[in-house]
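Take a look at the structure below.
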Amino acid sequence: MLVSLLTLFVCLLILALVIVNFLNTLHTKYAFAKNLPSVTRTDESVLKLLWRLVCASDVGKFNRVVEAFSLPYRLWKVWLGPVVCLGVCHPDLVQIVLTHPDCLEKPFFYRFIRINRGLLVAEADLWKRLRKTLNSAFNLRILHGFIPIFETCCQRMIDDLQRIPEGETFDVMPYTARCTLEMVFETSLGTGCLPPTESDCLIRHIKRFFNIASNRFLNVHLHYESVFKLTQRSKKEAESLEYCNTVASQLLAEKRLKMSQSKTTDDEYEKPRIFVDQLLRLGNSFSEADIIHNIFTMIIAGNDTSGQLMAYACLFLGMYPDHQQKVYTEINDLIPRHHSEPISPDKLKCLTYTDMFLNECLRLCPTAPNIVRQNMAPIVLDQTRIPAGNILAISIFAYHRRKDIWGPDADQFDPDRFSAERSVGRHPYAFLPFSGGSRNCIGWRYAMISMKLMLVYLLRE
């Protein structure tokens, strides 16, 4: 009996020492944040906080995030279990985080997207190699060469829309999503588009895939792989992953076959190459997983962002007929409906109000509502030295609505805020629809050109 009690005492003592050591480590690790304001509600009990973290709806959790990032702080902290997350809310600090060479890493929860070797999620060292290789695939000369292909895809979208009976209510998102998917297949991947039924199926799997990743991000208990694997979502994610990887593998095989059958001259080696060609040309530098993950990344990024934004643009056109008329008049004056020649880059550049309209859509409905980084070395923000390994979060959704940045009408839809006159003095890191710094979206020009052309075709027809 005495031995048993002694054993129990020793076990409890060891457990107590482990807990004390853990708490001491946390205290030391996060001592730097003790003077930062906290956005955790002090009136909430532990049980209520746990309920909010686990049981509240995703919309409720998203609103809590927006609420926190709307508070009048430049830099604040919140505890996510035993981990501190820092909210970055001022343009000066946002610029430091997004441009600092030691803030290129993305935290663990980006791995929920499951394309760890792709440009979007890759660890910093791999990202640098990929970005250097792929930058030339997104130069303006190549993008301008895509305009005729974009126009063909836009016309197919219009043909599909015109088959809808007059006066019938419909969801425009499947049409804009299919159009952007066709653009990605025919330009960046250099293959023909999928049949409508297959493309719609791929879009459904992509949507499910992202919804599951977003759900994991918002639910702290699902951050643990062992817990997530017990859920039904894990099985659905596996199904979507398998389908999307199969599509990417088939595209890769098709592209390799075409390249092996074509004769390549010395002159062709000097020509800039599209996205997938760049990866295949340096096949020895990248693994099969690297290439497949980047094909998958391009399909997801090119389709989900532009297709979704165009659906929002259609919504805003309907909600604000005065702005719709201004965009329509500009388009009709510069590129009338029966304009027989291909639309030139110079014509697109002249659509200044259309640019302003799209920018306002992107401000209020950013396709990536959050940017999160992890510092790989100590950095200083507002005289606070932040040790390596901390999570730095920026809510673009809330940031684009901050009245201290965008004025008292920040919640209102007003494309004129992007006029040359009203843009004077605006912080260069106030507007971040495609992130910022060296790890910004590689395809932002691609997205703007394709979306502007879609808007031209939608309003002209």
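The values are calculated or read from the model by the stated rules, or taken from the named source; none is laboratory data. Computed from a prediction, not measured in an experiment: that's the story for all the values here. Glycine also receives a Cβ, built like all others from the backbone with ideal geometry; neighbour counts cover every protein chain displayed.
Below is a table of values for the structure above.
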item	result
Inter-residue pairs, beta-carbon under 9 Å, first exposed (fewer than 10 other Cβ atoms within 10 Å of the Cβ) and in region 420-435, second small (Gly, Ala, Ser), 6+ apart	PRO428/GLY436
ALA410 being modelled with pLDDT of 95 or more and either touching a strand residue (DSSP E or B) at 6+ places or on another chain (Cβ under 9 Å) or assigned by TED's automatic domain parsing to the domain that holds VAL121 (or both)	no
Condition met for PHE316 (at negative phi, at pLDDT 80 or above, touching an Asp or Glu at 6+ places or on another chain (Cβ under 8 Å) and in a helix (DSSP H, G or I))	yes
Boolean, ARG74 is more than 18 Å from HIS221 (Cβ to Cβ), of a type in the set (Lys, Arg), assigned by TED's automatic domain parsing to the domain that holds GLN383 and at pLDDT 65 or above	no
All positions within region 421-457 that are over 29 Å from LYS403 (Cβ atoms), out of contact with any Asp or Glu (no Cβ under 8 Å at 6 or more places or on another chain) and among the hydrophobic types (A, V, I, L, M, F, W, C)	ILE442, ILE449, MET454, VAL456
Per-region count, region 349-366, residues assigned to a loop (DSSP other than H, G, I, E, B) and closer than 17 Å to THR305 by Cβ	2
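Residue-by-condition table, conditions (1) surrounded by fewer than 15 Cβ atoms within 10 Å (Cβ to Cβ); (2) over 24 Å from HIS293 (Cα atoms); (3) of a type in the set (Phe, Trp, Tyr):
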| residue | (1), (2), (3) |
| --- | --- |
| ARG64 | no, yes, no |
| LYS77 | no, yes, no |
| PRO82 | yes, yes, no |
| CYS89 | no, yes, no |
| GLN95 | no, yes, no |
| CYS103 | no, no, no |
| ARG117 | no, no, no |
| LEU120 | no, no, no |
| LEU130 | no, no, no |
